[in-house]
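Colleague: Structure provided below as structure tokens; questions to follow.
The values are calculated or read from the model by the stated rules, or taken from the named source; none is laboratory data. As the structure is a prediction and not an experimental result, all values here were calculated from the model. Using ideal geometry, Cβ is built from the backbone for each residue, glycine included, and neighbour counts are taken over all protein chains shown. The accessibility values were calculated without ligands, DNA or RNA, using every heavy atom of the protein model including side chains. Shrake-Rupley method; radii C 1.70, N 1.55, O 1.52, S 1.80 Å.
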Amino acid sequence: MEEFLFRQDTIAAISSPAGRGAIGIIRLSGPDCCDGLTGLWVGKNLEDLPSHHFTLGKMCGENSDLLDEVLLVRMRAPHSYTGEEMVEIHAHGNPHVLKAILFQLYQQGMRASEPGEFTFRAFRNGRMSLVQAESVATLIDAKGDWARKNALNVLAEEGGKWVQDLIDDLLHIWIPVEADLEFPTDDLDSLNLEDLLPTLHRLLGRMANLRKKAVQFSKLQEGYRVVLAGEPNVGKSSLLNALLGYQRAMVTEIPGTTRDTLEEVFEIDGIPIRLIDTAGLGEAKDELDARGMERSREALRRADLVVAVIDAALHTCPEGELDFRNFLPALPEGFETPTLYVANKADLLDEGSSWNHKESVIPVSALKETGLKDLLRSMAETLTQEGGVDLEERLMLNDRQERTLGRAVDAIEHCIENIKTGANQDLVATDLAEAKSALEELSGKTIQVDLMGEIFGKFCIGK
Ligand SMILES: Nc1nc2c(ncn2[C@@H]2O[C@H](COP(=O)(O)OP(=O)(O)OP(=O)(O)O)[C@@H](O)[C@H]2O)c(=O)[nH]1
Ligand SMILES: [Mg+2]
């Protein structure tokens, strides 16, 4: 893609999804949008067409063959998505129609766009920051309401302001260090590097905080792994079905029904969840059982939240703290994943049963569908606290942003270390310059051409 990054020509692409639909959209961007349509467009004179107004007309091919009746909208530079002259052609959503029109546009000298080239042009022309451009891809790809809102927020409101804030703070440290190297003063006035430490620590703290949130980005895209675990026959599969609201997993009264892990995606308050049913953990009767249990343990190791299901009709409620290992002895030492305890089959208990009154346990009945709301609320609350899905905090980082921010963090840590061990000012200045370069790359202010290709190459054609 790199060679196209700095071209100023006119590009064209189908921007609606592949397949058939009520309408299909072809997007054009570049200086020759209107000229390129001469001979193809039959309708109002495009030169006189006001910006952002639809007009009805026809697209024709060679020998004036009718290709389709279309709506056309012109967006004059700089008030368009890319900041350039743009035209959108809304045709009927048949791939053959769209391809026939596109073919004619290519004949007129327009170029097929590269993946992400429209959004790249928007970035190049200052219509959006690099972080905003990336959030376009995130928004289109967002799974669940929460990820959607975050991507939209970056795009519409915050932009990449947080990156600029970090750069500004770093410049306050970098400038005096550089100035002192360039124009050394006498010993009395010279810069005391140790004075920079509190500011550096503050900056490091903020960057570390941003990175912590980055881990959640993939979670929000993929879903948090919530694992239903427990002894055989306690009602894990019944609970999965009750939470999903349909019969997804097989349920029988025979212990060992579930042999393999099974997962289904759903949402609680916009948080995407992968709910995972597992084979019951206990004594393995045969090789197949043992393998199923190994898969359960693997699911537990990768869980973000465990829902430990207990058969409340079978066990008496223990006094004091509940320990997961009492119900799942197979778990490894040091297992620290957040866990919710669920006493299932509550319909078989007396009202006075201590399972119903134990604070750390949620009594439910998968059969009668009671207690499910409490369980869902606790799941959302635990993920919000433990997993750090801060619903107020509107920021996600993608892999590239996380990696680049990591470079800046390493450089600042190195810088602090160098100051503490009394390294010379040149080394400290080098660390700060590296941090500055990483942050500027993050913002898109300075960025390698091949990296640019990597970022925008992930987009689909037409975006
Ligand atoms: N009374 C009552 N029975 C339940 C409840 N939940 C599940 N059961 C019954 O318990 C038995 C086992 O249910 P499953 O959902 O298959 O249990 P499981 O934990 O998935 O079992 P395995 O896959 O064998 O580990 C079935 O006969 C269910 O009908 C409940 O809330 N109340
Ligand atoms: Mg089961």
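Colleague: With the requirement that a residue be open to solvent by less than 40 Å² (accessible area, probe 1.4 Å) and within 16 Å of ligand 2 (Cβ to nearest atom), what does segment 366-382 give you?
Modeller: A366, the sole residue that qualifies.
Colleague: Something else about it: Name the one entry in A303, A313 that is small (G, A, S), surrounded by fewer than 19 Cβ atoms within 10 Å (Cβ to Cβ) and touching a residue at least 24 places away in the same chain (Cβ under 8 Å).
Modeller: On the way: A303 fails: surrounded by fewer than 19 Cβ atoms within 10 Å (Cβ to Cβ).
A313 is the lone residue from the list that is small (G, A, S), surrounded by fewer than 19 Cβ atoms within 10 Å (Cβ to Cβ) and touching a residue at least 24 places away in the same chain (Cβ under 8 Å).
Colleague: Anything in segment 263-278 that is more than 26 Å from R148 (Cα to Cα) and free of Cβ contacts under 8 Å to residues at least 24 places away in the same chain? List them, or say none. Spell out how you get there, then give the answer.
Modeller: Step one: list which residues in segment 263-278 are more than 26 Å from R148 (Cα to Cα), which gives 277-278.
Within segment 263-278, none qualify.
Colleague: I've got another one for you. Test T339 against the stated conditions and say whether it is surrounded by 13 or more Cβ atoms within 10 Å (Cβ to Cβ), more than 14 Å from ligand 1 (Cβ to nearest atom) and in contact (Cβ under 8 Å) with a residue 12 or more places away in the chain.
Modeller: yes
Colleague: Please verify whether V227 is open to solvent by less than 10 Å² (accessible area, probe 1.4 Å), more than 9 Å from ligand 2 (Cβ to nearest atom) and under 16 Å from L375 (Cβ atoms), treating the condition exactly as stated.
Modeller: Numbers: open to solvent by less than 10 Å² (accessible area, probe 1.4 Å): yes; more than 9 Å from ligand 2 (Cβ to nearest atom): yes; under 16 Å from L375 (Cβ atoms): yes.
In short, yes.
Colleague: Another question, then. Cβ-Cβ below 9 Å, separation at least six or inter-chain, first residue in segment 231-244 and in contact (Cβ under 8 Å) with a residue 40 or more places away in the chain, second among the polar types (S, T, N, Q) and more than 7 Å from ligand 1 (Cβ to nearest atom): which pairs?
Modeller: Within 9 Å, the pairs are K236/T278; N241/Q247.
Colleague: Go through segment 430-452 residue by residue and tally those that are over 19 Å from M207 (Cα atoms) and aliphatic (A, V, I, L, M).
Modeller: Qualifying residue count for the region: 4.
Colleague: Could you go through segment 258-268 and let me know if any residue there is among the β-branched types (V, I, T), more than 13 Å from ligand 2 (Cβ to nearest atom) and exposed (fewer than 14 other Cβ atoms within 10 Å of the Cβ).
Modeller: yes
Colleague: Additional query: If L275 meets every condition in (1) more than 14 Å from ligand 1 (Cβ to nearest atom); (2) closer than 14 Å to A366 by Cβ apart from one, which number is that one?
Modeller: (1)
Colleague: Same structure again: Within segment 439-463, can you find the residues that are part of a helix (DSSP H, G or I), surrounded by fewer than 21 Cβ atoms within 10 Å (Cβ to Cβ) and of a type in the set (A, V, I, L, M, F, W, C)?
Modeller: If the condition is that a residue be part of a helix (DSSP H, G or I), surrounded by fewer than 21 Cβ atoms within 10 Å (Cβ to Cβ) and of a type in the set (A, V, I, L, M, F, W, C), then V449, L451, M452 are the ones that fit.
Colleague: What's the number of the condition L405 fails, among (1) at pLDDT below 90; (2) closer than 14 Å to E178 by Cβ?
Modeller: For L405, the exception is condition (2).
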